[in-house]
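Enquirer: Have a look at the structure that comes next, please.
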Amino acid sequence: MPSAPSVRSPLLDRFGRVHTDLRLSLTDRCNLRCAYCMPAEGLDWLPRTELLTDDEVVRLVRIGTMRLGITEVRLTGGEPLLRRGLPGLVARLSALTPAPELSLTTNGIGLARCATALREAGLSRLNVSLDTLRPERFAEITRRDRLADVLEGLRAARAAGLAPVKVNAVPVRGVNDDEIPDLVAFAVEHGYRMRFIESMPLDAQGAWDRDRMVTAEEILDRIGERFALTPIGREGNAPAEEWWIEGTDSVVGVIASVTRPFCGTCDRVRITADGQLRNCLFATEESDLRGLLRGGADDAAIEAAWRASMAGKGPGHAIDSAGFRRPARPMSAIGG
Ligand code: SAM
Ligand code: SF4
């Protein structure tokens, strides 16, 4: 007989932070090769047998929502649209009780074909990564000539009613930092919500260079050259600080993980595509939930392992200090 769920209590760590937001990676594979993320030749992808199956994903999310108070699930990767049967998986997750709010982070390739199906399956929000509006530059950054597909995907997402569609850009000095105001203007014109992310030392090649990272302060200065901004602050525990773009009905957000870390209010937990629980993006240790799933553990045992991992979460990542240690996995294999 299946064990009865324990009384739902929050997923706490020893600093009193409550974790309600699950970032779930569906694959480590990708069809782009963004230079700040992975090398041109790609990576050694996980063998398929190591990836969580749809049944395993659904079971973990059910444990998260029923027993641990997870309320939001963001599907990511690698490139999550490469996961076969994604709308079917989204439909299964949105049919859970209680159902999590479901969102997706994607590079937008192939989105034009599936945006409506994802919306109908229960997806409520979407982030699309886009670092430039210039085709040649897009091909240089991502090593693929696919800008038109991403723009088409964005239009399809908006038409499907996936609002707000957020556009994420990682500015890199000397590469696309001159386009910051253009990206804001593009988002305002098309009704997307622009967000800039400070680049982090999570690329697979280990080539991150702090001097090439464009800081939140610089990003705001660049936007300020063309637009007047009024600060709004953060929405709940969201990582982005937001500003109203005066004279428009748009806001712009900046995620300053390096220069203004928000670890004190972090409410996130991550599960990799191969079922490893990470209590922090920068964690150097993982808990093997897939091993428990495949070893026949019941829900209570998985809940206990999950809670134990969160109890061990550190206070913060200290990227900007000398003692910082990179995690062994790059961003694409953790799930951004
Ligand atoms: N492939 C999807 C995409 O690009 O949106 C989802 C996975 S990707 C790892 C998630 C987010 O992480 C993207 O917005 C991407 O720009 C960002 N990202 C990747 N590498 C990064 C890095 N080194 N620093 C900051 N953000 C990074
Ligand atoms: Fe792929 Fe996303 Fe990494 Fe770009 S940032 S290479 S789209 S996983």
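Enquirer: Can you send over the carbon and sulfur percentage of the accessible area for the chain, probe radius 1.4 Å, protein chains only?
Expert: C and S fraction of accessible area: 51 percent.
Enquirer: So between Glu246 and Asp298, what do we pick up on full extension, going 0.36 nm a residue minus the alpha carbon distance?
Expert: 13.4 nm
Enquirer: A further question on this structure: Give me the number: length gained by fully extending Ala163 to Glu56, i.e. 0.36 nm times residue separation minus the C-alpha to C-alpha distance, one decimal in nm.
Expert: 35.6 nm
Enquirer: Let me know the shape class of region 134-251, please: from the alpha-carbon gyration tensor, a ≥ b ≥ c as square roots of the eigenvalues, rounded when a/c is under 1.5, otherwise prolate if a/b is greater than b/c, or oblate.
Expert: oblate
Enquirer: Right, here's the next one. Quick check on the chain: helices-only [θ] at 222 nm, where DSSP H runs of length 4 and up contribute -39,500 (n - 2.57) each and the sum goes over total residues. Nearest 500, please.
Expert: My calculation for the chain gives -8500 deg cm²/dmol from helical runs alone.
Enquirer: Taking a ≥ b ≥ c as the square roots of the Cα gyration tensor eigenvalues, with a/c under 1.5 meaning rounded and otherwise prolate when a/b beats b/c, else oblate, which class fits the chain?
Expert: prolate
Enquirer: Taking Cα pairs under 8 Å and at least six residues apart, what relative contact order does region 21-334 come out at, in percent?
Expert: 19 percent
Enquirer: Something else now. Of His190, His19, which has the most accessible area with a 1.4 Å probe, and how do the rest follow in descending order?
Expert: His190, His19
Enquirer: Stretched out fully, how many nm does the piece from Glu217 to Thr259 gain, at 0.36 nm a residue minus the Cα gap?
Expert: In short, 14.2 nm is gained.
Enquirer: Compute the accessible area per residue over region 1-132, keeping the other protein chains in place, probe 1.4 Å, unit Å².
Expert: With the other protein chains kept in place, region 1-132 gives 41 Å² per residue.
Enquirer: Sticking with this one: In debye, nearest 20: dipole of region 21-334 around its Cα centre with unit charges on the Cβ of K, R (+) and D, E (-)?
Expert: In total the dipole reaches around 760 debye.
Enquirer: Once each part is reduced to its C-alpha centroid, what is the distance from region 42-110 to region 263-334 in angstrom?
Expert: Comparing the Cα centres of region 42-110 and region 263-334, I get a distance of 16 Å.
Enquirer: For Trp306, tell me the accessible area in Å² from a 1.4 Å probe, rounded to the nearest 10.
Expert: In the full protein context, Trp306 sits at about 0 Å².
Enquirer: Continuing with the same structure: DSSP beta bridges in the chain, what fraction antiparallel, as a percent rounded to 5?
Expert: Around 35 percent antiparallel, to the nearest 5.
The values are calculated or read from the model by the stated rules, or taken from the named source; none is laboratory data. If you're wondering where the values come from, they're calculated on a predicted model, not measured in any experiment. Don't worry about glycine lacking a Cβ; one is built from the backbone with ideal geometry, like all the others, and counts go over all protein chains shown. For the accessible areas, the whole protein counts, side chains as well, though only heavy atoms, and no ligand, DNA or RNA atoms are used. Shrake-Rupley method; radii C 1.70, N 1.55, O 1.52, S 1.80 Å.
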